[in-house]
Structure formats: structure tokens, C-alpha cells
Amino acid sequence: MILAIDPSGAFHEGKGTTGWCVLEAGKNKVVRSGFLSAKDYDTKEAFWDAHVNLFVKMVKAYKTSVMVVIEDYILYASTAEAQINSRFETSKLIGILQYNFFKKQIEYSMQRAVDVKSRWTNEILIYKKILSKKGNKYYVYGDDKPINKHIIDSVRHAVHYNAFKNR
């Protein structure tokens, strides 16, 4: 199993949304997915704590057969100016997750968004029967609950890790 996380620790800077999914690696099938939204929490620490609790719970649910994949946060030159005065809340969340996975001896891998977004377009994920589309909404293949772009990005990370790094 691959637990993939598209994190957004943004609380004060835009009320971010973190998408996540669990991919059954052998079947290349998403078996669970969801998101955490900052607007549902009163403080950034409560929002970040919800991440730790959820992801540790997911790892425990799948015992030792889970690999955690996290989208890394990289400041690119093309977006650096837009980040002036940023508190880098997402970077802080990623650090919290890394530290908690380290303390609990949970294996994890970091991936850049740029490596997965262009490689795993929505059209490719639909062709591979990982996602489906009805009208303008996307779904995990075989499910009838619409998913958001953050969940889709977590799916991209899971599929990428499974295709190129899962040995």
C-alpha cells in the first residue's frame, strides 16, 4: 500500500487543503482517499495535528505494508517573488510529518510536484482506469463520490511512486 499526501499546511495563508489517498500497489487501485481542510480548524496547530493523527492512523491500519509518499515543498525561482513574506506554513507541516514518521519508524519518500503533474495528467489517469470523469467532476475509478484537485494530486504521487520507485 502507498499512502500519498499532497500537503498544504497553509492556515493563515489561504486556508489550505491537503489531499491524500491509499493506493493498492499491486492493482494500481485507489482504495481510500480524502482531504483535510484548514477552514475546519480553529488553529494551525490543530490543523497540523489532524494531519499527524490521520496519517499515523492510516499507517497503523495497513501495518508494515505501507509506504508514505509526500509531495515536497520546493521554492522555485519562478515563484520566489510571490512567496516574499510567506511564513512557509506548508514547509512547517511537512517537517512535522517527517519528524513524526521518523519517530514512529515509518518509511517515507519525498517527491517533487513538477515530476508528477505533467507525467500523470488527468487523461492518463482516466485511461489507466485510476480515475473517471462524469461531466466536469472527477472520481476514483469505480466510486461515485466526487474528488477534489488535492486528492487527484495525491493520486498522481501514489501512481508515480508505484510506477518508478516501488521496488
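Worth pointing out:
- The lysine pair count for the range 105-167, using Cα distances under 26 Å and pairs eight or more places apart or on different chains, is 23.
- Interatomic Cα distance distribution for the chain, bins of 10 angstrom, percent: 10, 40, 36, 13, 0
- Estimated from helical segments only, the mean residue ellipticity of the chain at 222 nm is -11500 deg cm²/dmol, where each DSSP H run of four or more residues counts as -39500 (n - 2.57).
- Protection proxy ranking, peptides 91-99, 129-137, 149-157, average beta carbon neighbours within 10 Å, highest first: 149-157, 91-99, 129-137
- Peptides 50-59, 114-123 ordered by average Cβ neighbours within 10 Å, highest first: 50-59, 114-123
- Whole-angstrom gap from the range 2-70 to the range 114-167, using each part's C-alpha centre: 16 Å
All of the numbers you see were taken from the coordinates with simple rules; none came from a lab. Note that this is a predicted model, so its numbers are computed, not measured. As a convention, Cβ positions derive from the backbone with ideal geometry for all residues, glycine included, and neighbour counts pool all protein chains shown.
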